[in-house]
Amino acid sequence: MSDGIAIRFARVDDLDFAHQDGYISDEMVKRKIELYAALNPDRIEEIVIAEWNGKRVGYVRLEYLWSVVPYIALIRVLPEYRQQGIGKALLRFIKTFLRDTGHEALYSSSQADEPEPQAWHRYMGFEECGFIVGINEGVGEVFFRKSLR
Ligand SMILES: CC(C)(COP(=O)(O)OP(=O)(O)OC[C@H]1O[C@@H](n2cnc3c(N)ncnc32)[C@H](O)[C@@H]1OP(=O)(O)O)[C@@H](O)C(=O)NCCC(=O)NCCS
């Protein structure tokens with residue numbers, strides 16, 4: 001499938017798509033839309049979109065710990081498009097962007113009771129680097145680190 005994949009930074013009109021997981025409240029999404037619209041509405045560097053033949057099929061939301069250290073808040077590919085290289089293409093795009101902007105490592109995490117995304121992170125070269133107990137309504141969160149060198 002990889003020939004049809006296009007990866008790009010989000011625009012303001014992608015923001016509903018990139019928050020469809022529901023982890024962030026509508027009010028917070030609205031505030032983010034207003035903020036991004038006032039900055040650069042055509043290149044939102046904290047959100048990356050994957051398209052397959054022009055259809056949006058996945059996204060990454062990046063955040064920065066202490067406003068400094070890049071962290072994948074969420075990477076998500078629509079279920080019917082998984083296992084076809086889209087997650088890998090999203091990761092490649094953000095790795096290049098972060099290297100070009102001077103970062104040495106990328107962090108990410110996964111719920112402790114979700115073995116599939118943990119296995120994906122390890123397969124993609126992330127190494128486990130920590131654990132927060134009980135952060136998701138009683139379930140822990142496993143943290144990962146990937147060198148960008
Ligand atoms: C995790 C997720 C983003 C992976 O995306 P994807 O598009 O299915 O992954 P890819 O097809 O790009 O996989 C890249 C490689 O990892 C392998 N892989 C895919 N899923 C895997 C898994 N669960 N365990 C181990 N390897 C896996 C693929 O076989 C592929 O290998 P290859 O490069 O040798 O061909 C996707 O499964 C998803 O959206 N999950 C739900 C959301 C989630 O849990 N996100 C992570 C927490 S933030």
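Obtain the radius of gyration and the Kirkwood radius of segment 105-149 from its C-alpha atoms and give Rg over Rh.
0.99
Tell me, Kirkwood radius of the chain from alpha-carbon pair distances, in Å?
16.0 Å
Just how far, in whole angstrom, is segment 21-43 from segment 95-149 if you go by their alpha carbon centroids?
24 Å
Explain nothing, just the number: relative contact order of the chain, from Cα pairs under 8 Å at least 6 residues apart, as a whole percent.
19 percent
With an 8 Å cut-off on Cα pairs and a minimum separation of 6 or more residues, tell me the relative contact order of segment 105-149 in percent.
51 percent
We did not get these values from a lab; they are worked out from the coordinates using the rules stated. Keep in mind it's a predicted model, so treat the numbers as computed, not measured.
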